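Colleague: Take this structure first; my questions come after.
The values are calculated or read from the model by the stated rules, or taken from the named source; none is laboratory data. Nothing here was measured: the structure is a model prediction, and the numbers come from that model. Note that we place each Cβ from the backbone using ideal geometry, even for glycine, and neighbour counts take in every protein chain shown. When the accessible area is computed, the model is the full protein with side chains, heavy atoms only, and any ligands, DNA or RNA have been set aside. Shrake-Rupley method; radii C 1.70, N 1.55, O 1.52, S 1.80 Å.
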Amino acid sequence: MKINNFKHSIWRLLFSLIILFFTVIMLIVMAIHKEIVWIIISVLFFAIAVFATVISLQDVQWYSVENSKIVVNNIFGIVKEVEYVDIKKSFIINATILSIKMARFNKPYIVLAINKSCQKGMVQDAYNRKKNRYIIIPYNEQNELLIKSKYKASTGRELIL
């Protein structure tokens, strides 16, 4: 079964695309007026906007819940792959999906940790990275039941969230 986090990552992606659009307009206008200093500034803003857009695209992820493992993908390829037998700890957390200055927007997520020492405070945001020792999946009852049933079928043990 496929699960995605698109509805949680859409705001960051839209914001970065809007900024990218305005920096392209600024770069075109400055190139027409041939203002060297402003062209350099526009190129710098454009580079920052491209970087933010790539990071936002990286955060759009989908999950394949298979019989023996969970695979996390994004448009650049496989982010993480964990077999059910490797899961040592699991819990539910309110993870940050978007942070603007001092405001944080949180949503419930399921964390499936590979090591027992993983704590709730170690989970930084709601997006999977290769270096993290856990997989984080959007929480709803359907996802919880699906993961618990696949875990039990694969390992023979109950997954406690």
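Colleague: Would you mind calculating the relative contact order of the chain from Cα pairs under 8 angstrom and at least 6 residues apart, reporting the percent as a whole number?
Modeller: 20 percent
Colleague: Still on this structure: Quote the accessible area belonging to residue 133 in square angstrom, nearest 10, computed with a 1.4 Å probe and with ligands, DNA and RNA left uncounted.
Modeller: 130 Å²
Colleague: With viscosity set to 1.567 mPa s and temperature to 4 °C, compute the Stokes-Einstein D of the chain, Rh being the Kirkwood radius across alpha carbon pairs; µm²/s, no decimals. Before the final figure, lay out each step's value.
Modeller: On the way: Rh = 17.5 Å.
Rounded to a whole number, D works out at 74 µm²/s.
Colleague: If one takes the longest principal axis of the Cα atoms in the chain, at what angle in degrees, from 0 to 90 and to the nearest 10, does the Cα axis of helix 6-33 lie?
Modeller: Between the helix axis and the principal axis of the chain, the angle is about 20 degrees.
Colleague: Test of understanding: in a Gaussian network model of the chain with alpha carbons linked when under 10 Å, which of 49, 31, 113 would top the mean-square fluctuation ranking?
Modeller: Highest fluctuation of the listed residues: 31.
Colleague: Comparing 40, 100, 75, which has the greatest mean-square fluctuation in the GNM of the chain with Cα pairs linked when under 10 Å apart?
Modeller: Of 40, 100, 75, the most mobile in the Gaussian network model is 100.
Colleague: Can you compute the helix-only [θ] at 222 nm over the chain? Use -39500 (n - 2.57) per DSSP H run of at least 4 residues, normalise by all residues, nearest 500 deg cm²/dmol.
Modeller: Mean residue ellipticity, 222 nm, calculated: -14500 deg cm²/dmol.
Colleague: Ordering 90, 99 by accessible area with a probe of 1.4 Å, largest first, what comes out?
Modeller: 99, 90
Colleague: What are the ³J(HN,Hα) couplings of the range 139-148, residue after residue, when phi is run through the Karplus curve with 6.51, -1.76, 1.60 and θ = phi - 60°? Round to Hz, x for glycine and proline.
Modeller: 3J(HN,Hα) across the range 139-148, in whole Hz: 8, 7, 4, 5, 5, 4, 5, 4, 5, 4.
Colleague: Here's another thing I want to ask about it. For the range 34-126, run through the trypsin sites (Lys or Arg not before Pro) and keep only the ones in DSSP coil with at most 14 other Cβ atoms within 10 Å of their Cβ.
Modeller: The qualifying sites are 34, 88, 101, 116.
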